[in-house]
Structures are given as structure tokens and as C-alpha cells.
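Quick note: the coordinates plus some simple rules give every number you see, no bench work behind them. Because the structure is a prediction, the values reported are computed rather than measured. Cβ placement follows ideal geometry from the backbone for every residue including glycine, while neighbour counts extend to all protein chains displayed.
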Amino acid sequence: DAGITQSPRHKVTETGTPVTLRCHQTENHRYMYWYRQDPGHGLRLIHYSYGVKDTDKGEVSDGYSVSRSKTEDFLLTLESATSSQTSVYFCATGDSLQPQHFGDGTRLSIL
Amino acid sequence: AQKVTQAQTEISVVEKEDVTLDCVYETRDTTYYLFWYKQPPSGELVFLIRRNSFDEQNEISGRYSWNFQKSTSSFNFTITASQVVDSAVYFCALTNGSARQLTFGSGTQLTVLP
């Protein structure tokens, strides 16, 4: 158990609504990541954080924002959800090279 | 640009067979890192191994072994005496030294039949 909790685990919402996914860790890792997983694409990095209030964009950051006000929490926000953001979202912790511990994922459906 | 290719979309074997999952990568960097992850049917992702480009020694961990060959830009993963619990999607990944640049392959679905 890597001490990562994602919430919610499942969510269905409508296009245009704001959505926030939460990642909570108990292991005090410096680096935290948000990935999305889509068929045929493996995992793609949305945003990551290298410390409190320190974040950077990943490969597919458009339409997403993040915040990290405490070491243990990393929030992912979809300001105005679109159907193309239907996906499975994974939070992870690790070092500067890669994610090593993953949460159980959040399945997000946008109708 | 970097790229990871896992040409085997699905593999099916019978329990106790050996199976090799292929991973071919492309990068212009001389320093890079390669990884394998496992995603069982329950959905969580499990980190298996990390290797850097300067270490071509093969690695063995129980029934798992990895063959890194720079000459062919490959980092293949072999499971010996496969078991039903090995059924999962396996991802190969590559970075030049920054998690921001970590590129995943599209994954190989391994099914081990009893």
C-alpha cells in the first residue's frame, strides 16, 4: 500500500460542469503526478508537482489545472468538462524520473 | 522526440509457458531510463523495474527477467513459467531524465490461461 487515495473513484457529469479530482498521499513524497489513461495511448501526463505550490504542465495539460497547497494533497480541476476528457485518471507519487506509486484511479464520464 | 513501441497488442499463453513482451524505443538522448509497469485487471498500476542507459546488464527478479540491448533499442521482458496471476496489461516507458518527458507505450495485454 503506497498510501495514495483518490476521490471520487467514479464520477459521471455533464459537459460544461466543473470537476475536481483529489489525490491524497500519506508517504510525504515530494513529487506527485496526474495521468490520464485512454485506450491505445498508454498513460499521458497531465500535470505534475515537485513541491507545495510548485507545478508544471505535462503532455496533455490543456483544459486542466492543478493545485498543491499541502504536501499530501494534489487536486486536478477540469474547469469546464468536455466529452474528450472522459477517461481514467491516475494520481501517482515518485521521484523526478518517474511515478512509482499509483492510486487506484478515478473513472470519469462526461456526458 | 522519443517513442516507445509495444507491437504486441495481445498475447495469450497457457500456464507454465514462458512469454516475452517486446519493447522497442526511439530516442536521440545518450542518457535515458527505461521502465516496465504492470496493470492487472483490478486496474491499479504497479512499477516493476527502472534501468538506465549505461547499464546493459540483464536483470532477473524471481520469474521476471529483463533484456536490455542498446544495439537494437530494445528492453524486453520475459516471464518464466507464467501463472494466471500474471494476466495483466504491461507497459514499457522511456524518459530522457525528466518525469515530464516520460513516454509510455500503448501496452501489451497478457492473458495466461489455466
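Some notes on this structure:
- Taken over region A:99-111, the criterion of being within 10 Å of chain B (Cβ to nearest Cβ) and outside any strand (DSSP E or B) is satisfied by A:G103, A:D104, A:G105.
- Answer from B:T20, B:T78, B:T108, B:T31 - the residue that is within 14 Å of chain A (Cβ to nearest Cβ), farther than 25 Å from A:D38 by Cβ and hydroxyl-bearing (S, T, Y): B:T31
- Residue within region A:64-81 that is in contact with a Lys or Arg (Cβ under 8 Å, 6 or more places away or on another chain), on the phi > 0 side of the Ramachandran plot and loosely packed, with under 15 Cβ neighbours inside 10 Å present: no
- Selection within region A:61-98 - assigned to a loop (DSSP other than H, G, I, E, B) and farther than 27 Å from B:R51 by Cα: A:S61, A:D62, A:G63, A:T71, A:E72, A:E79, A:S80, A:A81, A:T82, A:T86
- Members of region A:10-60 found to be at the interface with another protein chain (Cβ under 10 Å from one of its Cβ atoms), surrounded by 13 or more Cβ atoms within 10 Å (Cβ to Cβ) and in a loop (DSSP other than H, G, I, E, B), listed by number: A:H41, A:G58, A:E59
- Test: residue in region A:79-98 that is free of Cβ contacts under 8 Å to residues at least 60 places away in the same chain, within 18 Å of B:E44 (Cβ to Cβ) and either acidic (D, E) or more than 10 Å from every other protein chain (Cβ to nearest Cβ) (or both): yes
- As a summary of the residue check, B:S87 satisfies the conditions (1) under 12 Å from the mean Cα position of the chain (by Cα); (2) free of Cβ contacts under 8 Å to residues at least 60 places away in the same chain except for the one numbered (1).
- Residues in region B:6-29 that are under 21 Å from B:D86 (Cα atoms) and in a strand (DSSP E or B): B:E10, B:I11, B:S12, B:V13, B:V14, B:V19, B:T20, B:L21.
- Identity of the residue in region A:61-78, away from chain B (no Cβ under 14 Å) and of a type in the set (A, V, I, L, M, F, W, C), that ends up nearest to the chain's Cα centre (by Cα): A:L76
- Scan of region B:1-31 for residues that are more than 18 Å from B:T103 (Cβ to Cβ) and more than 14 Å from the chain's Cα centre (by Cα), ordered by number: B:S12, B:V13, B:V14, B:E15, B:K16, B:E17, B:D18
- Region B:35-94, residues that are surrounded by 14 or more Cβ atoms within 10 Å (Cβ to Cβ), charged (D, E, K, R) and not in a strand (DSSP E or B): B:E44, B:D86
- Every test in (1) in a loop (DSSP other than H, G, I, E, B); (2) farther than 24 Å from B:T27 by Cα is passed by B:Q109 save one, and that test is (1).
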